[in-house]
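**Student:** Dropping a structure here in structure tokens format, bear with me for questions.
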Amino acid sequence: MTGDAGEGVGRAQVEALFTLAYGRRPAVVASAPGRVNLIGEHTDYNGGAVLPIAIAQRTWVAMGHSRDGESRAVSRERGEAGAWRHADARAAHAWWDYVAGALVAAEALGGGRGAREVAVASDVPMGAGLSSSASLEVATILAALALEGVPMDAAPAAAGGGAACTLREVALAAHRAESEFVGVACGIMDQFASALCREGHALHLRCDTQEARAVPFARGVLIVDTLAPRALVASAFNTRRAECDAALAILRTRDPGLRALARATPQALADARLPPPLDRRARHVVSENQRVHDFVQECAAGGMGERLGRLLNASHRSLRDDYECSSPELDWIVEHCVARVGIAGARLTGAGWGGCAIVVGEEEALRSVVPDLSHAFERAWGRAPRTWLTRPNAGARIEASA
Ligand code: GLA
């Protein structure tokens, strides 16, 4: 099991990589974490609420101005280096699209229009559904702003606020990079989590109003990566989005004022008699949104694990049966972990269709479940899962500025 301390990637590594690639020290360094979502899955693009935490693993971005008008990016984890002209930046279906898109999105916040040289080092597992791409976008935008000396204001934007930029604006710009530049139709959760999470807290984000607040969360979270190929995630995700849009369109014929699918009531769903599978998709979204609300209430009341666990388990069942985005491996992990002493509950996290599950409970119980879980998983699936024990970590930050 990998511990909470990450895997030894940090400022020193990204600075060394930058110096090796470009023959000088970087002007600025920023970092941003990956995330897991505690509860509230597939609610963000339906105007509902989510509750992610930042994980210990982070992406580090070192940056300087380019001296010849060409933008460049190197990565410690990816072999190929990218080069492009900032003025005609467009998606190249390469890993540096996230950097190029983030630099374009940063322009609107005062991040400058010139070419940049960038080095990236990350211990956020790639392709596991832990938001490695959101962490890269957010860290790149923060670095671009630091490079131009744009002051950061950690507080939410005041009405008519001055030149300081907020982390919320960074999150929205990172989301634009992902949706408009890279072309992935994701919701806003991942970029907001990476930018705004706080240590020891989960982020309660209402995706319709973008209202965010920190909720104390002191439990351990075990992340279990099934290491299943996730090739079908993008197309399955788009199919679900279309199904949710279709369900909303039908509901609006009865209630034109309905703002988002997550806002529908269970009664409205029953009355509308949506055709399958739209009925199941809508039922997941509406019930999941309620579970986020109940989970947050329970955290605020300092509730013991049992009720939180029931909500986590119910979320998984709903994702498995109604949203149909689980996988046999994810179901196996949840079944293996629930009903053990010290473990509150378990569910898939992120988009699903493979990727990771989370197990929530007492840290000691989580630690002791790992050896048995790993062996039994390997016997069942022919490979050992990756696991990380984490607690809520800090969101994005500037690590060194000019
Ligand atoms: C992916 C997307 C998020 C969110 C989750 C499901 O991680 O990037 O925006 O929709 O799936 O909750």
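**Student:** Under the definition of Cα pairs under 8 Å and six or more residues apart, what whole-number percent is the relative contact order of region 253-341?
**Tutor:** 24 percent
**Student:** Taking the alpha-carbon centroid of each part, what is the distance from region 197-255 to region 105-119 in angstrom?
**Tutor:** Region 197-255 and region 105-119 have Cα centres separated by 29 Å.
**Student:** With an 8 Å Cα cut-off and a minimum separation of 6 or more residues, compute the relative contact order for the chain in percent.
**Tutor:** Reported as a whole number, the value is 24 percent.
**Student:** Further question: Would you mind working out the magnitude of the charge dipole of region 240-373 relative to its Cα centre, with +1 at each Lys and Arg C-beta and -1 at each Asp and Glu C-beta, to the nearest 20 Debye?
**Tutor:** That gives region 240-373 a dipole magnitude of about 580 debye.
**Student:** Still on this structure, please answer the following. Given labels modelled 7 Å from the Cα in the Cβ direction, how far is it in nm from Leu258 to Ala218?
**Tutor:** Roughly 4.1 nm, to one decimal.
**Student:** Moving on. What percent of all Cα-Cα pairs in the chain falls in each 10 Å bin, counting up from 0?
**Tutor:** Final binned percentages: 5, 23, 31, 25, 13, 2, 0.
**Student:** Right, next: Show me the ranking of peptides 37-49, 224-236, 81-93 by mean Cβ neighbours inside 10 Å, starting with the highest.
**Tutor:** Result, highest mean Cβ count within 10 Å first: 37-49, 224-236, 81-93.
**Student:** Taking 45 Å as R0, compute the FRET efficiency from the Cβ-Cβ separation of Glu70 and Ala394 and round it to 0.05.
**Tutor:** FRET efficiency, Glu70 to Ala394: 0.85.
**Student:** Still on this structure, please answer the following. Can you give me the long-range amide H partners of Gly350? Hydrogens built in the peptide plane at 1.01 Å from N, cutoff under 5 Å, separation of 5 or more residues or another chain.
**Tutor:** Those qualifying (amide H under 5 Å, at least 5 residues apart or on another chain) are Asn37.
**Student:** While we're looking at this one, here's another question. Just to be sure I understand: with springs between alpha-carbon atoms less than 10 Å apart, which residue in Arg168, Arg273, Arg25 has the highest mean-square fluctuation in the Gaussian network model of the chain?
**Tutor:** Arg273
**Student:** Suppose every Lys and Arg Cβ carries +1 and every Asp and Glu Cβ carries -1, with no other charges. What dipole size does the chain come out with about its Cα centre, to the nearest 20 debye?
**Tutor:** Value, rounded to 20: 200 debye.
**Student:** I've got another one for you. Could you point to the residue in Gly355, Ala376, Gln210 farthest towards the positive end of the chain's charge dipole, with +1 and -1 charges on the Cβ of Lys/Arg and Asp/Glu respectively?
**Tutor:** Result: Gln210, furthest along the dipole toward the positive end.
**Student:** Starting from the 7 Å offset along Cα-to-Cβ, what nm value, one decimal, do you get for the label separation of Arg78 and Leu20?
**Tutor:** 1.8 nm
**Student:** Work out the charge dipole of the chain with +1 on the Cβ of Lys and Arg and -1 on the Cβ of Asp and Glu about the Cα centre, then indicate which of Thr253, Gly110, Ser315 is farthest towards its positive end.
**Tutor:** Farthest along the dipole direction, towards plus: Thr253.
**Student:** Identify, among Cys325, Ala264, Leu232, the residue whose Cα sits farthest towards the positive end of the charge dipole of region 230-332, taking +1 on the Cβ of Lys and Arg and -1 on the Cβ of Asp and Glu, with the dipole about the Cα centre.
**Tutor:** So the residue we want is Ala264.
**Student:** Still on this structure: Give me the percent of DSSP beta bridges within the chain that run antiparallel, rounded to the nearest 5.
**Tutor:** 85 percent
**Student:** Let me ask something else about it. Would you grab the residues whose amide H sits under 5 Å from the one on Ala344? Only those 5+ places off in sequence or on another chain, please, with H modelled 1.01 Å from N.
**Tutor:** Val360, Gly361, Glu362
**Student:** Rounded if a/c is under 1.5, else prolate if a/b is larger than b/c, else oblate: which is region 118-261, with a ≥ b ≥ c the root eigenvalues of its Cα gyration tensor?
**Tutor:** Cα axes put region 118-261 in the oblate bin.
**Student:** What percent do you get for the relative contact order of region 7-141 when only Cα pairs under 8 Å and 6+ apart count?
**Tutor:** Result for region 7-141 is 32 percent.
**Student:** Separate question: Modelling each spin label as a point 7 Å along the Cα-to-Cβ direction, I'd like the Glu306/Ala380 distance in nm, to one decimal.
**Tutor:** 2.6 nm
Readers should treat all values here as calculations from the given coordinates under stated rules, not as data from a laboratory. Remember, predicted model here, so these are calculated numbers, not experimental data. Ideal geometry is used to build each Cβ from the backbone, glycine not excepted, and the neighbour counts take in all protein chains shown.
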